[in-house]
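I have placed the structure first, in the form of structure tokens, so that the comments after it can refer back to it.
The values are calculated or read from the model by the stated rules, or taken from the named source; none is laboratory data. Quick caveat, the model's predicted, so the values are computed rather than measured. Don't worry about glycine lacking a Cβ; one is built from the backbone with ideal geometry, like all the others, and counts go over all protein chains shown. Note: areas computed on protein heavy atoms with side chains; ligands, DNA, RNA excluded. Shrake-Rupley method; radii C 1.70, N 1.55, O 1.52, S 1.80 Å.
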Amino acid sequence: MIDTPVFGSAACAAPHHLASEAGRAILAEGGNAIEAMVAMAATISVVYPHMNAIGGDGFWLIHEPGGKVHAVEACGPAGALATIERYREKGHDVIPQRGADSALTVAGAIGGWEAALSLSTALGGRMPLKDLLADAIRHCTDGYEISPSELRTWPQQVDAVKEAIGFSEFFWPGGEQPKAGARRKPDALGATFRQLADAGLSDFYRGDIGREIAADLERIGTPVTRADMEGYRARLVAPLSIRLPGLTVYNCAPPTQGVAALMILGIFEKLAIARAEGFDHHHGLVEATKRAFAIRDKIVTDPAFAKVDPASVLTEAVFAREAEAIDKRRAAAWPFKTGDGDTVWMGAIDGSGLAVSYIQSIYWEYGSGCILPRTGINWQNRGVSFSLDARALNPLQPGRKPFHTLNPAFARFDDGRIMSYGAMGGDGQPQFQAQILSRYRFGQSPAQAVDAPRWLFGRTWGAGSLSLKLESRFDPMLLARLTGAGHPVEEYSEAYSDQFGHAGMLVKHKKGHVEATHDPRSDGDARGC
């Protein structure tokens, strides 16, 4: 039996222990969950740079103690020079996946911190920004030990990554991946955080830091301009939600795939599965994933260009229709294209019931690979999800937001419990969310639900084959039944693999205590007070 850590009234969870400790310290000092999350987000951008950075994007779900749920959309658009013609003239049929031409969108994460802290202030938050950034600055100044996760993460297109501006100097000094025990001291990034602590977060876009970022982006040849940086603002938007028996589940609206995460849950509910871990449970979720992704790939785009209201596919009628199309004994064909991704998910809940589910990303592992020289910022490659076909659902266009795999999740139960949960892993995110939430609803503890073996359908981060991939701890009889039903089963040798995401879950009960856990597949934990 795996026990879930139980804390007092507040807790946080992150995929690196230094990030969860930064959040715990803010909660212990009287800070709220939003303030704790900013401290965690800053810290993890330093100590987990292969997974996320302040040169990336973020999405927030924030639950007020009174019950209202807010979403913060902190994703940047394509730069003013990011035209299809620019890339065609350079001889590209698709957007390059590494280097300066992949660093084509504004980084929204810092704008999201700023928007979330504005909401925090309205809810009574009073922690100074310098205190929230203190741990990140300290780890830059003193250095930190490179994480086991980074040491075992080999970048895709490694030659292109190594050629990206600043990559080798920052990540692989001497041209080789660091060894266990190696330390890193990112001085330029530390100076950037110190400037942000003194001048405020808007300096990232409209101050000295913004000027330095824009100059570096122009120097290395990206299509993002200073005007793009100066004009960026994160947005407070309405979340999507669905009702399930006994709870309401929330996620983010397009341009994220949050609609798919909710559709999987809604379709699976209509299958009326009675128990966890059997063939019906896992087959049902896989098939619900296929149905949800088919719809996602037809409708999810920048909301300014959307032709379909995502709420229109989150109905009981749609869930019933899609469930009816599922054969409970046989696997459906899988013709869908899936995507890569990398990120971190983190959660925090404070004593008042203010709760955060947050995700921060540079898209692929190591992002574009470009480290901006003056600021030490690793820039994302999220823009590679655009198409150079003007007729596509998500064509490259200046000012347009790309499709996002990112989608933090939150649930509010009718009995008073609240849950912050989520996972990293590109297209795997909705699948991993569905697995851990369904296991919890079937009676497993948060730690059991997160620890249990996971599967991934499709092709995603670091895995090129199109199959139903499973960790090695599944019952062999289940694998035999899935294979017999027509699923292209591929069993991994690892019991716990990064390919199956880094997930976390926090549950605050009506009596006030918090159960919290983070994934044994990561370098993190849950901490509280």
Qualifying residue in the range 140-153 (condition: at pLDDT below 95 and part of a loop (DSSP other than H, G, I, E, B)): yes
Unique residue being among the aliphatic types (A, V, I, L, M), touching a helix residue (DSSP H, G or I) at 6+ places or on another chain (Cβ under 9 Å) and open to solvent by 30 Å² or more (accessible area, probe 1.4 Å) when the list is ALA214, ALA199: ALA199
Number of the exception - SER149 against (1) surrounded by fewer than 19 Cβ atoms within 10 Å (Cβ to Cβ); (2) of a type in the set (Gly, Ala, Ser); (3) under 25 Å from ARG98 (Cβ atoms): (1)
Flag for GLY512 being of a type in the set (Gly, Ala, Ser) and either assigned to a strand (DSSP E or B) or open to solvent by 50 Å² or more (accessible area, probe 1.4 Å) (or both): no
Test: residue in the range 313-324 that is of a type in the set (Phe, Trp, Tyr), modelled with pLDDT of 95 or more, assigned to a helix (DSSP H, G or I) and within 30 Å of SER385 (Cα to Cα): yes
ASP525 within 22 Å of LEU354 (Cα to Cα), acidic (Asp, Glu), open to solvent by 20 Å² or more (accessible area, probe 1.4 Å) and out of contact with any Leu (no Cβ under 7 Å at 6 or more places or on another chain): yes
Top-ranked residue in the range 217-233 [being in a helix (DSSP H, G or I) and not small (Gly, Ala, Ser); ranked as surrounded by the most Cβ atoms within 10 Å (Cβ to Cβ)]: LEU217
Strands (runs of 3 or more DSSP E) (entirely within the range 462-508) containing at least 1 residues that are free of Cβ contacts under 8 Å to residues at least 40 places away in the same chain: 463-470, 489-491
Segments classed as strands (runs of 3 or more DSSP E), wholly inside the range 235-310, with at least 3 members that are open to solvent by less than 30 Å² (accessible area, probe 1.4 Å): 240-244, 247-251
Checklist (1) touching an Asp or Glu at 6+ places or on another chain (Cβ under 8 Å); (2) modelled with pLDDT under 95; (3) surrounded by fewer than 24 Cβ atoms within 10 Å (Cβ to Cβ) applied to MET51, failing item: (3)
MET263 in contact with a helix residue (DSSP H, G or I) (Cβ under 6 Å, 6 or more places away or on another chain), closer than 30 Å to ALA199 by Cα and touching a residue at least 40 places away in the same chain (Cβ under 8 Å): no
